[in-house]
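Nothing in this text is a laboratory measurement; each read-out follows from the coordinates by a stated rule. These numbers come from a predicted model, not from an experiment. All Cβ positions, even for glycine, are placed from backbone atoms using ideal geometry, and neighbour counts span all protein chains on display.
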Amino acid sequence: MIKSVYKSQEGRLIVESLYRKTLAAHLKPAYEQLFIPTEIARTHVLRFGEISKPPLIMIHGSVSNSATWLGNAADFIDHFCVYCVDIPGEPGLSEPTRMSLQSDAPNQWLTSLLNNLDIEKGSFVTMSMGSWYGLNFAIHNPEKVRALSMLTSAGVVPTKTSFIFKAIFYSLLGKRGQKLISKTVWYKTEVPSELLEFQSAASKYFNPVMEPFPIFSDEQIQKITARVQFFGGDHDSLIDSVKTGARLKSLLPNSEIHILKDTGHAIMDQFSVIKDFLLSA
């Protein structure tokens, strides 16, 4: 495991300060901040709603944190207790300990986290890299996952080589390159100014995951017993959503696949559909 994910301690403090600022500005719905010990890393969690309700775990994507879900937690708290989780080694408030995706650490981490939160079985809403974590957990612990809704997903087909080359080239262009990467990822989605500010700081001070995402085998995916829902954009610059959806459907015939027209990698407008799916699971 790699422990130094920031380029400097000063940079870490700047990134974490921006995240704390975003959290402090969020007043409704109310949440509780938890710092949960796990076998891998101390993990920051935002908990929304009543503990007595069924658990819903939300896992963000790469170079991000649980602020991803602040605008959407309210969609679910009437029916679920929502746990928004910061992946360790990402620019959140969890311990900056990066897990090798080739190891058992990702499964150990999430299993330990849910055990320490007293969650025996839950539903999941995940995004991009977070969907890789969700799939990996559902493969290793099928009995612990009721439903899995994924807003794009790594791990089903390889990341597009064209994006990798663009990202490397754009990273050499400073602020202009950051804007080009953001445009490539977000496509036509309007990006809030505070998110652009955070992304700019993260690009400057944070070392993103460069390890290729392991691709799950047919046998692994077919171990999943939970209901599965997938959303992908037809203009996703990172992942081939059409191929991802087709492979999931062929291996999990009961899965629900949505390929969204004129949509990129960022998908932030499907939460009413997700809620209906989760409630029917």
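With +1 on each Lys and Arg Cβ and -1 on each Asp and Glu Cβ, how big is the dipole of segment 9-280 about its Cα centre, in debye rounded to the nearest 20?
Result for segment 9-280 is approximately 580 debye, rounded to the nearest 20.
When Lys and Arg each count +1 and Asp and Glu each count -1, what net charge do the other residues less than 15 Å away from PHE48, Cβ to Cβ, add up to?
-1
How charged is the neighbourhood of VAL209? Take every other residue with its Cβ under 13 Å from the Cβ of VAL209, and add Lys/Arg as +1 and Asp/Glu as -1.
Around VAL209, the surrounding residues sum to -1.
From the square roots a ≥ b ≥ c of the eigenvalues of the alpha-carbon gyration tensor of segment 22-64, which class results: rounded (a/c under 1.5), prolate (a/b over b/c), or oblate?
Taking the square roots of the gyration eigenvalues as a ≥ b ≥ c, segment 22-64 is oblate.
What ranking do SER52, SER62, SER4 get, fewest neighbouring Cβ atoms within 10 angstrom at the top?
SER52, SER4, SER62
For segment 1-47, rounded, prolate or oblate, judged on the Cα gyration tensor with a ≥ b ≥ c (square roots of eigenvalues), a/c < 1.5 rounded, else prolate if a/b > b/c?
oblate
With the Cα gyration tensor of segment 208-280 giving a ≥ b ≥ c as the square roots of its eigenvalues, does the rule (a/c under 1.5 for rounded; else a/b larger than b/c for prolate; else oblate) give rounded, prolate or oblate?
Oblate shape, in that a/c is at least 1.5 and b/c is the bigger or equal ratio.
What is the list of residues in segment 230-256 whose amide nitrogen lies under 15 Å from a point 7 angstrom out from the Cα of LYS160, following Cα to Cβ?
Label zone hits: 232-245.
How much net charge surrounds PRO88 when only the other residues with a Cβ under 9 Å from the Cβ of PRO88 are counted, with Lys and Arg +1 and Asp and Glu -1?
Spelling it out: positives minus negatives among the neighbours equals -1.
Using the Cα centre of segment 9-280 as origin and beta-carbon charges of +1 (Lys, Arg) and -1 (Asp, Glu), tell me which of THR111, HIS26, PHE80 is placed farthest towards the positive end of the dipole.
After comparing all options, I get HIS26.
Using 0.36 nm times the number of residues separating LEU196 and ASP234, minus their current alpha carbon distance, what extension gain do you get?
Using 0.36 nm per residue and subtracting the Cα-Cα distance, I get 11.3 nm.
THR225 label point, 7 Å along Cα→Cβ, cut-off 17 Å on backbone N: hits in segment 259-281?
Hits in segment 259-281 for THR225 at 17 Å: 281.
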